[in-house]
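> Here's a structure for you.
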Amino acid sequence: MTKPHIGLIGLGTMGAMLALNIAEKGFAIAVWNRTTTVTRSFYAEAGALAAQIVPTESLAGLVAAIERPRSIILMVPAGPAVDEQIAALRPLLDADDLIIDAGNANFHDTNRRAAQAAPHGPRFLGIGVSGGEEGARHGPSIMGGGEKADWDRVAPILGAISAKYQGEDCATWMGPGGAGHFVKAVHNGIEYADMQMIAEIYGVMRDGLGMPAAEIGAVFETWNKGALQSYLMEISAAVAKATDGAHPMLDVILDKAGQKGTGRWTVIEAQTLSAPIPVIEAAVMARNVSAQLEARRKGEALFGAAPQPLPKGALSLATLEQAMIAGKILCYAQGFALIVAAGQEFGWDLPLPAIARVWRAGCIIRSSMLEDMARALEEDPARGLMLAPFFADQLRHTCVGLRHAVSLGAAHGLPLPALAAGLSWFDLMRTGRGTANMIQAQRDFFGAHGFERVDMQGSGRHGPWGGYM
Ligand code: 6PG
């Protein structure tokens, strides 16, 4: 085995899988974990791939095992652990060595780390790696951020280990500093929204239509052969059909969602950038409400259960499928608009078509619709998905289903926060004369904030409010 040019720190699930993937693609790799027994077990269980792996039992040993200029992947928990690991490595590395944070870092942290690295090194990349354990082992989607020259140094390895879509690597450099981790955060926000919309449709089927889990799974399986083909639709069909031998798994899993917080970061950034992402915001809200189990049970006891059965024949599965398609298009339109807003704010030239392409395989939101999105964005990145002819045409007829589902859901207490948020946003985006004139009048009444008039040029006008109290 040649001396490794790359090393990896952190042999937790994702790190171990990534190391095996790298070794399997023919790259020698040195590995180290803070707990030596973890390193030893990883090496012992690596099988034939051990021939490409150099296990080390100290940080200095790891560094010594790697050929200069060294590249070292960090797979440690996002946050202070990354800074601690960088600080421990810095005295052991040369200025042109490269540290690659492949965790779910907040992009602001990555911006800071990249800026700290710039003057004296070691070099620094922040890459978003999506696809969970399976993706890390057999092909993740990789969204890179940092100096292009540093990305180019490791691009052959990252491309080799990445997922492939029609032979194309799903690994792309997004831009400087935290650009890669920002795009990963948007991926995770969209992930939350996709998962929430599927959960809402599941709720309509379960509580509105009285469908058992296995039947719902069969419907999702059918939908996964059409416009809604996606990894999340595929696994939703699987989890709906799964049983523990006595019960459908969905019937016994507590409806209290966890979250490591990546979707929340997306919402915070969108608000900071004034980039509306109501479908993702509703998904994060719904996760937070799901965690308020006791409050929800008290609400049900006091007001009665919200969900009510739908009248027979009131809502077809085809209508629900249309609602999901519309909700997905609207959500992704918002997600890509957020990426545009970030690019403008941070001076990043984020490659929208390449982002859609890198999401087509390996990542959690991978789906066939992303191929259509990549094509639409390629035609005109600045236009936005909603106005792209292909998606505008889809929205014209699928939004009928979305409106019907949301209306019926509201009338029968079936909570559809994400789908309803998508519909309201769509309607707002089709209202040339909205109602913010009322807000401007209110603001000027209590705060003399001024407003523009439709019949005159200029701003800073005030109303004759004095005589109206
Ligand atoms: C991915 C996933 C992953 C994320 C898990 C858990 O792209 O592989 O997004 O990065 O950590 O999905 O996320 P939550 O705990 O926030 O649901």
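Each value in this text was obtained by applying a stated rule to the coordinates, not by laboratory testing. Since we're looking at a predicted model, the values are computed, not measured. Glycine gets a Cβ as well: all are built from the backbone with ideal geometry, and neighbour counts include every protein chain shown.
> At 222 nm, what helix-only mean residue ellipticity would the chain give, in deg cm²/dmol to the nearest 500, using -39500 (n - 2.57) for each DSSP H run of four or more?
Values: 20 runs with 253 residues, N = 469.
Taken over the chain, the calculation gives -17000 deg cm²/dmol.
> Find the centroid of the Cα atoms in segment 299-322 and in segment 253-290, then give the distance between the two in whole Å.
24
> Holding the Cα-Cα limit at 20 Å, pick out from Lys25/Lys225; Lys3/Lys25; Lys148/Lys184; Lys256/Lys298; Lys164/Lys184; Lys184/Lys260 the pairs that are longer than that. Present the calculation step by step, with values, prior to reporting the outcome.
On the way: Lys25/Lys225 31 Å; Lys3/Lys25 15 Å; Lys148/Lys184 18 Å; Lys256/Lys298 15 Å; Lys164/Lys184 18 Å; Lys184/Lys260 14 Å.
Exceeds cut-off: Lys25/Lys225.
> Positive end of the charge dipole of the chain (Lys, Arg +1 and Asp, Glu -1 on Cβ, about the Cα centre): tell me which of His449, Leu59, Ala115 has its Cα farthest that way.
His449
> Only bridges whose two residues both fall in the chain count here: according to DSSP, what percent of them are antiparallel, nearest 5?
On the way: 11 of 34 bridges.
Within the chain, antiparallel bridges account for around 30 percent of the total.
> Here's something else I'd like to know. Hey, got the dipole for the chain? About the Cα centre, +1 on K and R Cβ, -1 on D and E Cβ, debye to the nearest 20?
Working: 39 positive and 45 negative charges, 90 e Å.
It works out to roughly 440 debye.
> 5 Å is the cut-off here: which amide hydrogens, built 1.01 Å from N in the peptide plane, fall below it relative to Val54, excluding neighbours closer than 5 in sequence?
HN-HN under 5 Å from Val54: Ile29, Ala30, Val31.
> With a cap of 13 neighbouring Cβ atoms within 10 Å, and only residues DSSP puts in a loop, list the trypsin sites (Lys or Arg not before Pro) found in segment 155-227. Spell out each step's value before the answer.
Details: sites: Lys164, Lys184, Arg206, Lys225; in loops: Lys225.
Answer by residue number: Lys225.
> Here's something else I'd like to know. Once the dipole of the chain is set up with Lys and Arg at +1 and Asp and Glu at -1 on Cβ about the Cα centre, which of Ala361, Ala323, His462 lies farthest towards its positive end?
The residue sitting most towards the positive pole is His462.
> Per 0.36 nm of contour for each residue apart, how much would the distance between Leu428 and Thr36 grow if the chain were fully extended, relative to their Cα-Cα spacing? Provide the component values of the computation, followed by the final result.
On the way: separation 392, 0.36 × 392 = 141.12 nm, distance 5.70 nm.
Here the segment from Leu428 to Thr36 would lengthen by 135.4 nm.
> Explain nothing, just compute: Karplus ³J(HN,Hα) = 6.51 cos²θ - 1.76 cosθ + 1.60, θ = phi - 60°, for every residue of segment 61-70 in order, whole Hz, x for Gly and Pro.
x, 5, 4, 5, 7, 10, 6, 5, x, 7
> I'd like the trypsin sites (Lys or Arg not before Pro) in segment 427-469 restricted to DSSP loop residues with at most 10 other Cβ atoms within 10 Å, sorted by number. Spell out each step's value before the answer.
Numbers: sites: Arg430, Arg433, Arg443, Arg453, Arg461; in loops: Arg430, Arg433, Arg453.
Listed in order of number, the matching sites are Arg430, Arg433.
> Between Ala305 and Ala115, what length comes free when the chain is fully extended (0.36 nm per residue of separation minus the Cα-Cα distance, one decimal in nm)? Walk me through the numbers before you get to the answer.
On the way: separation 190, 0.36 × 190 = 68.40 nm, distance 5.28 nm.
Stretched fully, the Ala305-Ala115 segment lengthens by 63.1 nm.
> Along the Cα→Cβ direction, 7 angstrom out, place labels at Val400 and Arg297. What is the inter-label distance in nm?
Output for this residue pair reads 4.5 nm.
> Under 16 Å from the Cα of Lys241, which aspartates and glutamates turn up, not counting those fewer than eight places away in the same chain?
Once the sequence-local aspartates and glutamates are set aside, what remains near Lys241 is Glu215, Glu221, Asp251.
> Between Lys225 and Met456, what is the FRET efficiency for a Förster distance of 56 Å, r being their Cβ-Cβ separation, to the nearest 0.05?
On the way: r = 57 Å, r/R0 = 1.02.
So the FRET efficiency works out to roughly 0.45.
> Right, another one. Could you work out how much longer the chain between Ala51 and Ala87 gets when fully extended? Use 0.36 nm per residue separation minus the Cα distance between them, nm to one decimal.
Numbers: separation 36, 0.36 × 36 = 12.96 nm, distance 3.05 nm.
Difference between extended and current length: 9.9 nm.
> Charges only on Cβ, +1 for Lys and Arg, -1 for Asp and Glu: so what's the dipole of segment 185-429 about the Cα centre, in debye to the nearest 20?
For this selection, approximately 340 debye.
> Non-local amide H neighbours of Val76 (under 5 Å, H modeled in plane, Pro and chain starts lacking H): which ones?
Ala102, Gly103
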